[in-house]
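Report on one structure; see the data block that follows.
Nothing in this text is a laboratory measurement; each read-out follows from the coordinates by a stated rule. In this text the structure is predicted, and so the values were computed from the model without any measurement. Cβ atoms come from the backbone with ideal geometry, glycine included; neighbour counts cover every protein chain shown.
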Amino acid sequence: MIEVCKVGEIDHGESKVVKVKGVEVGIFNIEGEFYALLNSCQHQSGPVCTGDIRRRVGGDIPPLGKLPDEYFTDDYVVICPWHGWTYDIRTGKHAGDPGIGIPTYKVLVEDQTVYLDV
Ligand code: FES
């Protein structure tokens, strides 16, 4: 495990990109839990972990002529700033195609310090 930052450096709904062993990794704080994703989008290797963080929108496809009944889910996503590919922060999976995903890393928080297993 490698120390990457202090808990207080990343507020809920924010991220920080760190470089560990030559690899850029985004550390995310989602409701006090920390997650880590490789900072390389599966589309064209864009800096995905620097993108906007949002709650995922859910809803069903409505009948013709009706508006969708949309709502926010408990899932959080990061949106790649280059072309908008969107990934679940907890799993690294693409929001529209779970067959696509960004590598994730194990995170440990101890004594207000965030450690990464790279
Ligand atoms: S490089 Fe991320 S969406 Fe294109």
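Before moving on, here are some points about what is shown:
- Under the simplified labelling scheme, the Glu70-Glu14 pair shows an inter-label distance of 2.7 nm, with each label point 7 Å from Cα along Cα→Cβ.
- Residue-by-residue Karplus 3J(HN,Hα) for the range 14-22, coefficients 6.51, -1.76, 1.60, Hz, glycine and proline x: 10, 9, 9, 9, 10, 10, 10, 6, x
- For the range 2-117, alpha-carbon Rg over 2.2 N^0.38 Å: 1.15
- Of all lysines in the structure, those lying under 21 Å Cα to Cα from Lys6, and not within fewer than 8 positions of it along the same chain, are Lys16, Lys19, Lys21, Lys106.
- Averaging the sequence gap over all C-alpha pairs within less than 8 Å and six or more residues apart, then dividing by the number of residues, gives the chain a relative contact order of 28 percent.
- Net charge of neighbours whose Cβ lies under 12 Å from the Cβ of Lys16, counting Lys and Arg as +1 and Asp and Glu as -1: -2
- Net charge of Cβ neighbours under 14 Å - reference Gly99; Lys, Arg +1; Asp, Glu -1: -1
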